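Novice: Just dropping this structure here.
The values are calculated or read from the model by the stated rules, or taken from the named source; none is laboratory data. Quantities reported herein were computed from a predicted structural model and do not represent experimental measurements. Ideal geometry is used to build each Cβ from the backbone, glycine not excepted, and the neighbour counts take in all protein chains shown. Side chains are part of the model used for accessible areas, which takes the heavy atoms of the whole protein and leaves out ligands, DNA and RNA. Shrake-Rupley method; radii C 1.70, N 1.55, O 1.52, S 1.80 Å.
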Amino acid sequence: MSKVVYEGWMVRYGRRKIGRSYIHMRYFVLEPRLLAYYKKKPQDNQVPIKTMVIDGNCRVEDRGLKTHHGHMVYVLSVYNKKEHHHRITMAAFNIQEALMWKEKIESVIDQHQDSPLANGQQYVSFEYKSGMGSARTASSSDHESQFSALEDADDSRNNLLRRTTIGNGPPEQILDWTKEFEAEFSNQNTNNQAFSRKHWRLLQCQNGLRIFEELLEVDYLPRSCSRAMKAVGVVEATCEEIFELVMSMDGTRYEWDCSFQYGSLVEEVDGHTAVLYHRLQLDWFPVAVWPRDLCYVRYWRRNDDGSYVVLFRSREHENCGSQPGYVRAHLESGGFNIAPLKPRNGRPRTQVQHLMQLDLKGWGVGYLPAFQQHCLLQMLNSVAGLREWFAQTDDRGVPPRIPVMVNMASSSLGLSKSGKPQHLPALSADQANAASRNSVLMDEDSDDDDEFQIAESEQEPETNKPENDVKRTEESAHDIDLSCFSGNLRRDDHENARNCWRNSDGNNFKVRGKSFCNDKGKVPAGKHLMDLVAVDWFKDTKRMDHVVRRKGCAAQVAAEKGLFSLVVNVQVPGSTHYSMVFYFVTKDLVPGSLLQRFVDGDDEFRNSRLKLIPLVPKGSWIVRQSVGSTPCLLGKAVDCNYIRGPTYLEIDVDIGSSTVANGVLGLVIGVITSLVVEMAFLVQANTPEELPERLIGAVRVSHIELSSAIVPKLESD
């Protein structure tokens, strides 16, 4: 018997053909080359229900939180990139357990990056069929593989249809909050990029918290909308424990959030995005001031350094209209940043930042700054409530279950005769656990294993080490005549220009320095290896692949002049598909250089090395916090299709292929006219011989207009 890497009870999560979810308790076993699960703990030569061979092409995708019978589970999906239909979906009732499995499976994948199976050979998986060794008649949900791919397609279409019910802006804005962009971040800790010190001033210290006020003036918001304020405090608890409390909308929230009166789930868009209804408990002159409520979208993600980001923003929803006796406030932006600190005296410590920018609406609110500030401070004091809740709670030995979410449609907001909400009694932890277990056992005898949804998460293989490749790529083609190149998006080097692009200064980005392997030091990037000569901005009803086919494009012009082009085609899905295409040009590729090895390497090597560094110099807090400035390995986050021609390499970056890549870029598209975004592309250096890193190129795009995109005419392949 093979050595067992990890094993234990987990939850099988899936959807039947009729669309209803199910969960079962299953015993999972992870071996060096195999992931399998059983109905019971295996003994002797027991046949598993399903197995999956683990190799370098496998991915572990974080599917986020899913709701089943009012209880939430944290879902992981393990699948093979070359056989998307073949996957195993597993879940846990607490985040720590799910993350442990994710770490173990990814470590096994890492070990097989260079194995023969990872190089394209076929593998054979053995699946337990419900008719084998049993007289039981197979139900329709027993046939897992043949329906799983169809379910994925149906589920994706359903999500797109649901997106049109969220928001009050144009279709692009509606789509923003129903997608997720989860790039795989590097180990650099940049949690506080959105809270840049130059934008904030300390307003006061209260209840052990530092209260800050944003200094930036905004002229696009109404007078009744406050400046953004944030509270910063330290809580002696793990990030997971705090995150689970922050996500709760049940009775436990009364114990730490004094501004909370009632909360409910309006719609679960996907595992990381939900629409919520929230009633505020504000005590400022309640006799004369009407109570406030909110309907907003909540998006969350977990970074590789263990920190959590939770973002809020108001949205209209057809199932959450105005409530009698309440004024619907508008949450311009808000959220939590939960980042780990070094332990002290053996106790975990976490920095919690809570930001709110709120328009309380109602007549005269703009002329009552004391009302605005009082309400904001009351909401921000929830950070102190979190700190005291953990300081006074001893029951933290057992990992907590993810809290219950009440669905607004099924719970029908009960109002008492006085107009106040009638709350159902909150379940105790034991009752909640028992209820969850009972709901699992109800389907225990079934072998429903229909899967759902896929995405990517690629591992980083080791590569051969060339000699002096960095020195041989020092020179860039800066003497190329750029006048012969053009794209439909114009170039403008003025600071306040709109709907244009320009080259970004490489020193705005920090990359791995020569001594990174020893001290993890990063240095300004400096000059680019290639010149950005043109940018195209396209739109169409379908995804646009292989855009170098377009007659007269910059890559074809470069080929005529004997130059080499690297083309990056960033594809943004939606009701209208958009592509922003960047053309980087150089005279030639230095043999043996890291860039040349990337261009001529296989897809596995390219996926493990292509890196993007984003920056948002101008934009709202919520966009800056979503995008951040942490480097991202694109091949680990989304599907990258590489097309190698005689004089070019085109990289089609399909943002729609991943569910934690879409949210951020979708959010950016929705408010793109108010943003200035910078992007740097480079090949990651892993060894001392490859260091220091050099940028392929960097671009700054300013206030892009969606209407300026054109439909390209692509020649046949």
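Novice: Which residues, counting only those in the stretch 370-398, are crowded, with 16+ Cβ neighbours inside 10 Å, polar (S, T, N, Q) and modelled with pLDDT of 85 or more? First the steps, then the outcome.
Specialist: Within the stretch 370-398, the subset crowded, with 16+ Cβ neighbours inside 10 Å is 371-373, 375-387, 389-390.
So of that shortlist, the ones also polar (S, T, N, Q) come out as 372-373, 378, 381-382.
Within the stretch 370-398, GLN378, ASN381, SER382 meet the criteria.
Novice: Okay, next question. Looking only at residues that are open to solvent by 10 Å² or more (accessible area, probe 1.4 Å) and assigned to a strand (DSSP E or B) in the stretch 1-28, which one is nearest to HIS85 (Cα to Cα)?
Specialist: Filtering the stretch 1-28 for residues open to solvent by 10 Å² or more (accessible area, probe 1.4 Å) gives 1-9, 15-21, 25, 27.
Within this subset, residues satisfying the condition of being assigned to a strand (DSSP E or B) are 6-9, 15, 21, 25, 27.
On the way: TYR6: 24, GLU7: 24, GLY8: 25, TRP9: 24, ARG15: 15, SER21: 18, MET25: 22, TYR27: 22 Å.
Looking at the filtered set, the residue picked out is ARG15.
Novice: Give me the residue from the stretch 549-562 that is assigned to a helix (DSSP H, G or I) and without any contact (Cβ under 8 Å) to a residue 12 or more places away in the chain and, out of that set, surrounded by the fewest Cβ atoms within 10 Å (Cβ to Cβ).
Specialist: Kept after step one, since they are assigned to a helix (DSSP H, G or I), are these residues of the stretch 549-562: 549, 554-560.
Right, trim to without any contact (Cβ under 8 Å) to a residue 12 or more places away in the chain and you get 556, 560.
Values: GLN556: 16, GLU560: 9.
The selected residue is GLU560.
Novice: Another question, if that's okay. Condition check: touching a residue at least 40 places away in the same chain (Cβ under 8 Å), open to solvent by 20 Å² or more (accessible area, probe 1.4 Å) and either under 18 Å from the mean Cα position of the chain (by Cα) or over 30 Å from THR393 (Cα atoms) (or both). Does GLN357 satisfy that? Give the steps one after another, and end with the answer.
Specialist: Numbers: touching a residue at least 40 places away in the same chain (Cβ under 8 Å): yes; open to solvent by 20 Å² or more (accessible area, probe 1.4 Å): no; either under 18 Å from the mean Cα position of the chain (by Cα) or over 30 Å from THR393 (Cα atoms) (or both): yes.
So GLN357 does not fit the description; no.
Novice: Do we have TRP300 as of a type in the set (Phe, Trp, Tyr) and surrounded by fewer than 17 Cβ atoms within 10 Å (Cβ to Cβ) here?
Specialist: Values: of a type in the set (Phe, Trp, Tyr): yes; surrounded by fewer than 17 Cβ atoms within 10 Å (Cβ to Cβ): no.
No, not satisfied.
Novice: Please work out if GLN571 is more than 25 Å from the chain's Cα centre (by Cα) and polar (S, T, N, Q). Walk me through how you get there before you give the answer.
Specialist: Details: more than 25 Å from the chain's Cα centre (by Cα): no; polar (S, T, N, Q): yes.
In short, no.
Novice: Further question: If a residue has to be open to solvent by less than 10 Å² (accessible area, probe 1.4 Å), more than 21 Å from GLY635 (Cβ to Cβ) and of a type in the set (A, V, I, L, M) to count, how many in the stretch 50-64 make the cut?
Specialist: Residues flagged as open to solvent by less than 10 Å² (accessible area, probe 1.4 Å), more than 21 Å from GLY635 (Cβ to Cβ) and of a type in the set (A, V, I, L, M) within the stretch 50-64 amount to 1.
Novice: Let me ask something else about it. Pull out all pairs, ordered by first then second residue, where Cβ-Cβ is under 9 Å, the residues are six or more apart or on different chains, the first lies in the stretch 207-228 and is among the aromatic types (Phe, Trp, Tyr), and the second is open to solvent by less than 30 Å² (accessible area, probe 1.4 Å) and at pLDDT below 60.
Specialist: Here the result reads PHE212/PHE195, each pair linking the stretch 207-228 to a residue that is open to solvent by less than 30 Å² (accessible area, probe 1.4 Å) and at pLDDT below 60.
Listed here are the residues, each with its yes/no results for (1) of a type outside the set (Phe, Trp, Tyr); (2) open to solvent by less than 20 Å² (accessible area, probe 1.4 Å).
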| site | (1), (2) |
| --- | --- |
| GLU236 | yes, no |
| VAL246 | yes, yes |
| TYR254 | no, no |
| GLN261 | yes, no |
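Novice: Looking at (1) closer than 14 Å to GLY645 by Cβ; (2) assigned to a strand (DSSP E or B); (3) at pLDDT below 95, which is the one condition that is false for SER565?
Specialist: (3)
Novice: Take the residues of the stretch 532-548 that are assigned to a strand (DSSP E or B) and open to solvent by less than 20 Å² (accessible area, probe 1.4 Å): which is farthest from LEU612 (Cα to Cα)?
Specialist: Start the filter on the stretch 532-548 by keeping residues that are assigned to a strand (DSSP E or B), which leaves 532-540.
Those left that are additionally open to solvent by less than 20 Å² (accessible area, probe 1.4 Å): 532-538.
Values: LEU532: 15, VAL533: 19, ALA534: 19, VAL535: 17, ASP536: 19, TRP537: 19, PHE538: 21 Å.
By that ranking, first place goes to PHE538.
Novice: Looking at the stretch 352-369, which of the residues that are outside any helix (DSSP H, G or I) and of a type outside the set (A, V, I, L, M) is modelled with the lowest pLDDT?
Specialist: Within the stretch 352-369, the match that is modelled with the lowest pLDDT is GLY364.
Novice: Follow-up question, since we're still on this one. Please determine, by comparing only the residues of the stretch 73-87 that are assigned to a strand (DSSP E or B) and open to solvent by 10 Å² or more (accessible area, probe 1.4 Å), which one is farthest from GLU244 (Cα to Cα).
Specialist: Applying the filter and picking the extreme gives GLU83.
Novice: Of all residues being open to solvent by 30 Å² or more (accessible area, probe 1.4 Å) and aliphatic (A, V, I, L, M) in the stretch 680-717, which is nearest to ASP545 (Cα to Cα)? Just the residue, please.
Specialist: That would be LEU714.
Novice: Tally time: how many residues in the stretch 34-48 are open to solvent by less than 100 Å² (accessible area, probe 1.4 Å) and assigned to a loop (DSSP other than H, G, I, E, B)? Walk me through how you get there before you give the answer.
Specialist: Filtering the stretch 34-48 for residues open to solvent by less than 100 Å² (accessible area, probe 1.4 Å) gives 34-39, 42, 46-48.
This time we only want the ones that are assigned to a loop (DSSP other than H, G, I, E, B), so: 39, 42, 46-48.
Final tally of qualifying residues: 5.
Novice: Considering only helices (runs of 4 or more DSSP H) fully contained in the stretch 585-704, which possess at least 3 residues that are touching a strand residue (DSSP E or B) at 6+ places or on another chain (Cβ under 7 Å) and modelled with pLDDT of 85 or more?
Specialist: Details: elements: 594-600, 603-609, 621-627, 634-637, 662-670.
Passing ranges, in order: 594-600, 603-609.
Novice: Going by the structure shown, is ASN319 within 26 Å of GLY271 (Cα to Cα), modelled with pLDDT of 90 or more and of a type outside the set (Gly, Ala, Ser)?
Specialist: Details: within 26 Å of GLY271 (Cα to Cα): yes; modelled with pLDDT of 90 or more: no; of a type outside the set (Gly, Ala, Ser): yes.
Judged against the criteria, ASN319 is not a match.
Novice: In addition: Kindly list the number of the only condition in (1) more than 30 Å from LEU331 (Cα to Cα); (2) touching a residue at least 24 places away in the same chain (Cβ under 8 Å); (3) surrounded by fewer than 20 Cβ atoms within 10 Å (Cβ to Cβ) that fails for LYS618.
Specialist: (1)
Novice: Can you list residue pairs whose Cβ atoms sit under 8 Å apart, with the first residue in the stretch 474-491 being more than 12 Å from HIS528 (Cβ to Cβ) and open to solvent by 100 Å² or more (accessible area, probe 1.4 Å) and the second being assigned to a loop (DSSP other than H, G, I, E, B) and modelled with pLDDT of 90 or more? Count only pairs 6 or more apart in sequence or on different chains.
Specialist: Every condition considered, the pairs that remain are ARG490/ASN499.
Novice: Out of curiosity, is HIS69 in contact with a helix residue (DSSP H, G or I) (Cβ under 6 Å, 6 or more places away or on another chain), closer than 30 Å to PHE605 by Cβ, at pLDDT below 90 and open to solvent by 10 Å² or more (accessible area, probe 1.4 Å)?
Specialist: Numbers: in contact with a helix residue (DSSP H, G or I) (Cβ under 6 Å, 6 or more places away or on another chain): yes; closer than 30 Å to PHE605 by Cβ: no; at pLDDT below 90: yes; open to solvent by 10 Å² or more (accessible area, probe 1.4 Å): yes.
Here the answer is no, as HIS69 does not meet what is asked.
Novice: Kindly evaluate ILE613 against the criterion of being touching a residue at least 60 places away in the same chain (Cβ under 8 Å), open to solvent by 20 Å² or more (accessible area, probe 1.4 Å) and farther than 21 Å from CYS484 by Cα. Steps first, answer last, please.
Specialist: Numbers: touching a residue at least 60 places away in the same chain (Cβ under 8 Å): yes; open to solvent by 20 Å² or more (accessible area, probe 1.4 Å): no; farther than 21 Å from CYS484 by Cα: yes.
No: the conditions fail for ILE613.
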